[in-house]
Structure formats: structure tokens, C-alpha cells
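Asks: Handing you this structure, nothing more for now.
The values are calculated or read from the model by the stated rules, or taken from the named source; none is laboratory data. Since we're looking at a predicted model, the values are computed, not measured. Here the Cβ positions follow ideal geometry from the backbone for every residue, glycine too, while neighbour counts run over all protein chains shown.
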Amino acid sequence: MSLDALYQEIILEHYKNPRNFGKLDESRAKAHYENPSCGDQIDLQILINDDNVVEDIRFQGRGCAISQASASLMTEAVKGKRLDEVEKIIESFTSLMTGEGEITVELGDLEALEGVKKFPVRVKCAMLSWTALKSLLEREKKS
Ligand code: FES
């Protein structure tokens, strides 16, 4: 199987069987993001414990395969990680998608989305959940 085919398979598998799909307790802060060009959307909630580790993370949404697979892969990548590690994952994934900046951590299955960077419109799809994550972490830091 070629690498492209393998990557396609990872994306489709996460789209069909999204990980960490659903919601946490209603009282948890929620980030709601929408891609204005298509109306696809995502809701994201996160639970950070006293050791600054992502104890749980959930998303709900509807959208194209890339946006939903990216959200699912993102939740797997950050769950159980410390916040400083999460920030490195966010930076590295953003670099993977834009070709700018440095990739400083292993991205594992997230690399399946690398091909998306050839299609600037689809980069927005892949970044939807990551934008939600960044804003949620900013809010958590301030509270
Ligand atoms: Fe809407 Fe991808 S087409 S997020």
C-alpha cells in the first residue's frame, strides 16, 4: 500500500469512527467554531487536571471528512499530554499544514493530513478544531 493510500485510510477511518466524540459535563467551557466558507462547525470541550494534563477532551460537529478526521486525530494526540506538550503539538501541526515554522515533536498519525497543505482551502478544514483548541486553552489560562 502506498503512503498516500495509507494516509487516506487513516483519514477515512477517523471520519467514520471519530475518537472522543461527544461532550463533557455542560458546565465545562466550550469553544464553538465555524468555517464561514462552508458552514461546517465544531464544538470542543476540555478537562485539564491540577497537574496541567489534558485529562479529557471531546468534540462534536459536522463537516467534511478532513475537518472531522483532524478533530478526532487531534483529540487522540493531546489527551493525556501536559499543556506545554500540547502547545508544541499545536505549533508542530500548524507547521505541517502551512510549511512554515518548525516541527519539534513526533506527530504520528497526524502526518496523514500533510497532503492537505497542497490545497489551501482544505487547510482551513484541517485547522478548524485546532483553532478551537487554541482558543479554549487561552480561555483556560485566563480563568
Ligand atoms: Fe467545511 Fe471542510 S468543507 S470544514
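Asks: Look through Val121, Val116 and report the one residue that is surrounded by fewer than 19 Cβ atoms within 10 Å (Cβ to Cβ), among the hydrophobic types (A, V, I, L, M, F, W, C) and over 11 Å from the mean Cα position of the chain (by Cα).
Replies: After ruling out the rest, the residue left standing is Val121.
Asks: Among what's in the stretch 124-143 and is in contact (Cβ under 8 Å) with a residue 24 or more places away in the chain and away from the ligand (no atom under 14 Å from the Cβ), pick the residue that is surrounded by the fewest Cβ atoms within 10 Å (Cβ to Cβ).
Replies: Among those that are in contact (Cβ under 8 Å) with a residue 24 or more places away in the chain and away from the ligand (no atom under 14 Å from the Cβ), it is Ser143.
Asks: Scanning the stretch 44-72 for residues that are loosely packed, with under 15 Cβ neighbours inside 10 Å and of a type in the set (D, E, K, R), which turns out nearest to the ligand (Cβ to nearest atom)?
Replies: Arg62
Asks: Tell me whether the stretch 84-104 contains one or more residues that are of a type in the set (Val, Ile, Thr), modelled with pLDDT of 95 or more and more than 12 Å from the chain's Cα centre (by Cα).
Replies: yes
Asks: Let me ask you something else. Determine whether the stretch 99-108 contains at least one residue that is within 16 Å of the ligand (Cβ to nearest atom) and among the acidic types (Asp, Glu).
Replies: no
Asks: Looking only at the stretch 38-50, decide whether some residue is under 16 Å from Thr131 (Cβ atoms) and among the acidic types (Asp, Glu).
Replies: yes
Asks: Output the residues belonging to the stretch 18-43 that are in a loop (DSSP other than H, G, I, E, B), surrounded by fewer than 16 Cβ atoms within 10 Å (Cβ to Cβ) and within 14 Å of the ligand (Cβ to nearest atom).
Replies: Passing the criteria: Pro36, Ser37, Cys38, Gly39.
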